[in-house]
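Presented below is the structure to which this report refers.
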Amino acid sequence: MRTTIALAALVAATIAGRPAVARAGNLLPCPLDCTTDVPDSCRYVKGVYFTALGSAPATADAAADLATAERVATSRLLDSFSGKPGIEADALRGKVLTLLTGRSPDGSRRCATVGVQKDQVERGRKIAAEIAAFDQSLARAFAGLGRKRGSPLRRGRPLRVAVGKVTVDGTPGGTNGQWVAQHLMLGLEHAPEFAVVAMPSGWGGGRLPPGLDGLWTAVAFAHSSLDRDTAEVDCDLAFRDPARPRGPLLTETLVTELPSEAFPAHPLGTRRDPGTSVLTCGGFCVAIDTPAPGGGLCPGASSQVYLASDADGRALVFDLFGDDQALLVFPNDQHPRGAVTAGTKVELYPGGFTAVPYPGSPDERIVAFRASGASAFGPLASWRGSCRVPPPLARRLHDTPRTAIAGGRLRSADDAYRILPAASDACAQSPSPASGELEQALAAIPLCGR
């Protein structure tokens, strides 16, 4: 009879008259004396796990000693995979379990055995092969664009392109957006038709960023069929023919697939709507300044939101965060009438804003509405920011942002970002925002209309 490790641990502990202890995984009731990673009594573990032993000098703080031993063991285990083809040690880090803990016979050291299941390692090899195939397919597709008959990419110098927002589950940025952007850049490096440059800061949308010939964006989502293991990545290039710099925007689209498990943060959502494109927003644009590939922001990073209009009028702009929270941010003290002027770009936050993750939600969205006169806003015409939006309207803005004001009869635009984990490589140098102060600051903001 086949029994899982978890059940075997529970049965053995019950027979021994002591409970099984859960730690990073299922702590097995086998004596560990710090001389070997798996004692003979737990030898069957060797058929299921790759293991490693770590130890630390024993002190009065047993919990801290074991934590140190676990870190040492985990480092040794991941190091054992270093350089082996098809295995990404970092991808296995979250799958490492603490199996055994103990101490040396003389009591001088505490130790821990950690392990990662062999079938997960084999699955990791397969995923790594799928990612390599994904990278190769992107590189081939990028190179193939330049071989298409009649394509403007076939002539002249390479296009100067940047990788912009990558939308995953309806919001740009985040861990998955950054991951896709990195692979796009890797593929572009092997395509002579393109020269990858950094996205300029301060872009307000509505046209190609200055200094660029083209902009790559992407949308990634899981298929909503019974096969939820497959994800689709739609890559879009908007560019101008170098021979016709004042000509219309041209587009190219590439579609590829890979397993959903390949994404660093999963399960992957099925939402494929990329929202309003800040590149083709048609004369009324709101754009969050997120120059990093993928469109995310690090916690504590400074940024700005730009509002641009091709016609005079009045505007209302809301900041949506959490599950059902919203602030009115325009009109504000600098623009008390909420007026927008054709051909101008307004900075919504004087001095910029700081990206702070709201508890329970990594996303933040800016939604803007424009009317020819303030009367079109009805009772909201007298509102001035910053103020907290009453809950009923805040929920409508979250659920149906484009129709929440005046039944969808107004011109609207939106942009969003998903915050990156503070521990990600891109955020290593970002200042950490003060914790616990966000709710207090929001509570001090008055309710709109009061």
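The values are calculated or read from the model by the stated rules, or taken from the named source; none is laboratory data. This one's a predicted model, so the numbers in the text were calculated from it and none came from an experiment. FYI the Cβ positions are ideal-geometry reconstructions off the backbone, even for glycines, and counts take in every protein chain you see.
Here are a few things to note about the model shown:
- Some residue of the range 417-427 being crowded, with 16+ Cβ neighbours inside 10 Å, within 27 Å of the chain's Cα centre (by Cα) and assigned to a helix (DSSP H, G or I): yes
- Candidate set from the range 360-383 (those that are of a type in the set (Ser, Thr, Tyr) and closer than 15 Å to Leu410 by Cβ); member that is surrounded by the most Cβ atoms within 10 Å (Cβ to Cβ): Ser372
- Screening Ser375 against (1) on the phi < 0 side of the Ramachandran plot; (2) touching a residue at least 24 places away in the same chain (Cβ under 8 Å); (3) not hydrophobic (A, V, I, L, M, F, W, C) leaves a single unmet condition, (2).
- Filtered by the rule that a residue be more than 28 Å from Ala198 (Cα to Cα) and either of a type in the set (Phe, Trp, Tyr) or modelled with pLDDT under 90 (or both), the range 286-320 gives a lone residue, Phe318.
- Arg370 being modelled with pLDDT of 90 or more, over 22 Å from Leu438 (Cβ atoms) and in contact with a Gly (Cβ under 9 Å, 6 or more places away or on another chain): yes
- Count - residues of the range 187-207 that are aliphatic (A, V, I, L, M) and within 21 Å of Leu297 (Cα to Cα): 4
- Tally of residues being loosely packed, with under 13 Cβ neighbours inside 10 Å and in contact (Cβ under 8 Å) with a residue 24 or more places away in the chain across the range 48-69: 2
- Any hit, the range 156-171, residues being surrounded by fewer than 19 Cβ atoms within 10 Å (Cβ to Cβ), more than 17 Å from Leu420 (Cβ to Cβ) and among the aliphatic types (A, V, I, L, M): no
- Just one residue in the set Gly408, Gly385 is small (Gly, Ala, Ser) and farther than 20 Å from Gly449 by Cα; that residue is Gly408.
- Pairs linking a residue in the range 204-217 that is surrounded by 22 or more Cβ atoms within 10 Å (Cβ to Cβ) to a residue that is among the polar types (S, T, N, Q) and in a loop (DSSP other than H, G, I, E, B), with Cβ atoms under 8 Å and 6 or more positions apart or on different chains, are Thr217/Ser277.
- Breaking point among (1) assigned to a loop (DSSP other than H, G, I, E, B); (2) surrounded by fewer than 20 Cβ atoms within 10 Å (Cβ to Cβ), for Glu261: (1)
- Asp425 being modelled with pLDDT of 85 or more and acidic (Asp, Glu): no
Rundown of residues vs (1) free of Cβ contacts under 8 Å to residues at least 60 places away in the same chain; (2) surrounded by 18 or more Cβ atoms within 10 Å (Cβ to Cβ), yes/no style:
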| residue | (1), (2) |
| --- | --- |
| Arg314 | no, yes |
| Thr341 | yes, no |
| Val346 | yes, yes |
| Tyr358 | no, no |
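- Top-ranked residue in the range 353-406 [being among the aromatic types (Phe, Trp, Tyr) and within 26 Å of Lys165 (Cα to Cα); ranked as farthest from the chain's Cα centre (by Cα)]: Phe369
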